[in-house]
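**Q** Have a look at this one.
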Amino acid sequence: MPSPRFDLTFVPSHGMPVTVAPGIQRLTVNNPSPFTFHGTNSYIVGAGSSVAVIDPGPEGDAHFEALMAALSGRRVSHILITHTHRDHSPLAARLKAATGALTAGEGPHRASRPLHAGEINPFAESSDTGFVPDITLLDGDVIEGEGFALRAVLTPGHAANHAAFALEGTEILFSGDHVMAWATSIVAPPDGSMRDYMASLDKLIARRDHLLLPGHGGPVKHPLTFLRALKTHRRMRERAILERIKGGDRRIPDMVKAIYRDTDPRLHGAAGLSVLAHIEDLVERGKVKTHGPPALMGEYWAAG
């Protein structure tokens with residue numbers, strides 16, 4: 001199975017609604033970065049006079065005004081949040097105040113595990129800790145509106161409270177940051193968990209949706225092939241980490257220099273956290289050893 005074939009051809013059309021499927025419009029926030037690609041995607045779901053908005057995005061006047069213009073003449077019944085990173089959820093408060101819509105999500109922001117003694121969450125400033133949904137969603141819960149029904153598919157990994165949303169009757173899934181066509185998702189402890197992420201990949205593989213609409217970039221048009229390739233890619237990365245440890249690398253920065261030598265240096269910090277996520281899983285499975293809990297500056301060696 002080859003590595004994923006990432007699609008970088010996405011044209012964002014910032015601030016302009018783009019129809020991506022019947023009853024679905026996408027608006028992309030003008031917040032490009034190495035982590036957001038061309039920006040965060042907000043989706044308007046519903047073909048009638050009442051619609052839902054998925055991931056209104058970061059707080060900001062320009063995108064709020066673009067959303068309100070695109071929503072003109074339609075009532076917003078629900079605002080759904082895939083997860084509470086600041087590029088996805090903060091604008092929900094202003095949109096709710098303007099429309100009276102109910103917010104829905106898995107729950108408030110939280111880390112995937114407790115912080116270890118002396119540990120700092122490097123993604124703390126990227127987290128929207130103020131969001132509390134009006135409707136707390138369990139796996140399989142359905143949000144119904146005029147002409148649409150969105151089923152929560154909980155997909156922790158990138159964030160502990162990450163949820164995807166399946167549009168009932170269409171085989172379309174809004175995949176948030178769990179699966180994106182342009183790059184792999186960042187899994188950064190303690191915010192994220194590699195074990196949870198891999199289990200969520202398996203969950204989506206079992207669903208066999210026909211189209212994924214992600215939080216950044218363009219659609220994933222052949223989800224089953226892409227998801228299987230993502231899983232293979234992560235297992236290959238895991239093997240590379242094990243090989244570096246068996247070859248004598250003891251610290252994560254040394255592994256990053258070797259494994260991510262072709263990656264944008266601006267992403268090496270995130271790459272180190274991804275290596276830590278893999279190592280946490282490897283330690284839990286008894287394949288790698290360390291002193292105390294796994295840490296970015298810890299020392300590692302192969303078990304056995």
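The values are calculated or read from the model by the stated rules, or taken from the named source; none is laboratory data. Fair warning: this is a prediction, and the values are worked out from it, not measured in the lab. Here the Cβ positions follow ideal geometry from the backbone for every residue, glycine too, while neighbour counts run over all protein chains shown. For the accessible areas, the whole protein counts, side chains as well, though only heavy atoms, and no ligand, DNA or RNA atoms are used. Shrake-Rupley method; radii C 1.70, N 1.55, O 1.52, S 1.80 Å.
**Q** Quick check: the angle from helix 194-207's long axis to the longest principal axis of the chain, C-alpha only, nearest 10 degrees?
**A** 50
**Q** Quantify, in whole percent, the carbon and sulfur part of the accessible surface of segment 182-252 (1.4 Å probe; protein heavy atoms only).
**A** The value for segment 182-252 is 49 percent carbon and sulfur by accessible area.
**Q** Nothing charged except the Cβ atoms of Lys and Arg (+1) and of Asp and Glu (-1): what's the magnitude of the dipole of the chain about its Cα centre? Round to the nearest 20 debye.
**A** Charge dipole of the chain: 980 debye, to the nearest 20.
**Q** Here is a further query. Per residue of segment 239-254, what does 6.51 cos²θ - 1.76 cosθ + 1.60 with θ = phi - 60° give for ³J(HN,Hα)? Whole Hz please, x for Gly and Pro, Karplus curve as stated.
**A** 5, 5, 5, 4, 5, 5, 5, 5, x, x, 5, 10, 10, 4, x, 5
**Q** While we're looking at this one, here's another question. Let me spell out the model: positive unit charges on the Cβ of Lys and Arg, negative unit charges on the Cβ of Asp and Glu, origin at the Cα centre of segment 93-218. What dipole size does that give, in debye rounded to 20?
**A** It works out to roughly 160 debye.
**Q** Averaged per residue, what accessible area in Å² does the chain show with a 1.4 Å probe, protein chains only?
**A** That works out to 43 Å² per residue.
**Q** Compute the distance from the alpha-carbon center of segment 158-185 to that of segment 201-274, in whole Å.
**A** First find each Cα centre; the distance between them is then 16 Å.
**Q** Follow-up question, since we're still on this one. Would you please give the FRET efficiency between R208 and L8, computed as 1/(1 + (r/R0)^6) with r the Cβ-Cβ distance and R0 = 25 Å, to the nearest 0.05?
**A** The value I calculate is 0.45.
**Q** Right, something else. Please give the net charge around S274, taking every other residue with its beta carbon less than 13 angstrom from that of S274, where Lys and Arg add +1 and Asp and Glu add -1.
**A** Every neighbour counted, the sum reads -2.
**Q** Could you state the angle between the C-alpha long axis of helix 61-70 and the longest principal axis of the C-alpha atoms of the chain, as a value from 0 to 90 degrees rounded to the nearest 10?
**A** 50
**Q** Connecting C-alpha atoms closer than 10 Å in a GNM of the chain, tell me which of H78, H162, H210 has the biggest fluctuation.
**A** Looking only at H78, H162, H210, the biggest GNM fluctuation is shown by H210.
**Q** Right, something else. Work from the charge dipole of segment 213-304 (Cβ charges, +1 for Lys and Arg, -1 for Asp and Glu, about the Cα centre) and give the residue of G217, V275, M255 farthest towards its positive end.
**A** Projecting each Cα onto the dipole axis, the largest value belongs to G217.
**Q** Multiply the residue gap between R235 and H268 by 0.36 nm, knock off their C-alpha separation, and tell me the result in nm, one decimal place.
**A** Separation in residues times 0.36 nm, less the Cα-Cα distance, equals 9.9 nm.
**Q** Going 7 Å from the Cα of D254 toward and past its Cβ, which residues in segment 279-297 have a backbone nitrogen under 14 Å from where you end up?
**A** In segment 279-297, the label zone of D254 (backbone N under 14 Å from the point 7 Å along Cα→Cβ) covers 297.
**Q** Tell me, in nm to one decimal, what length is gained between A62 and E146 on full extension, where the rule is 0.36 nm per residue of separation less the Cα-Cα distance?
**A** Residue separation times 0.36 nm, minus the Cα-Cα distance, leaves 27.5 nm.
**Q** Further question on the same structure: What does the charge count near R113 come to, summing +1 for each Lys or Arg and -1 for each Asp or Glu among other residues with Cβ under 15 Å from its Cβ?
**A** Spelling it out: positives minus negatives among the neighbours equals -4.
**Q** Share of segment 104-149's accessible area from carbon and sulfur, percent, 1.4 Å?
**A** Carbon and sulfur atoms account for 55 percent of the accessible area of segment 104-149.
**Q** With both bridge residues required to lie in segment 1-141, what share of the DSSP beta bridges run antiparallel, to the nearest 5%?
**A** 55
**Q** Gaussian network model of the chain, Cα springs within a sub-10 Å range: biggest mean-square fluctuation belongs to which of D87, D264, D141?
**A** Fluctuation is largest for D264.
**Q** If you add up the charges near L137, with Lys and Arg at +1 and Asp and Glu at -1, over every other residue whose beta carbon is less than 12 angstrom from its beta carbon, what do you get?
**A** Charge balance in the 12 Å sphere: -3.
**Q** Also, quick follow-up: Run through the DSSP bridge list for the chain and note the antiparallel percent, rounded to the nearest 5.
**A** Here the share of antiparallel DSSP bridges comes out near 70 percent.
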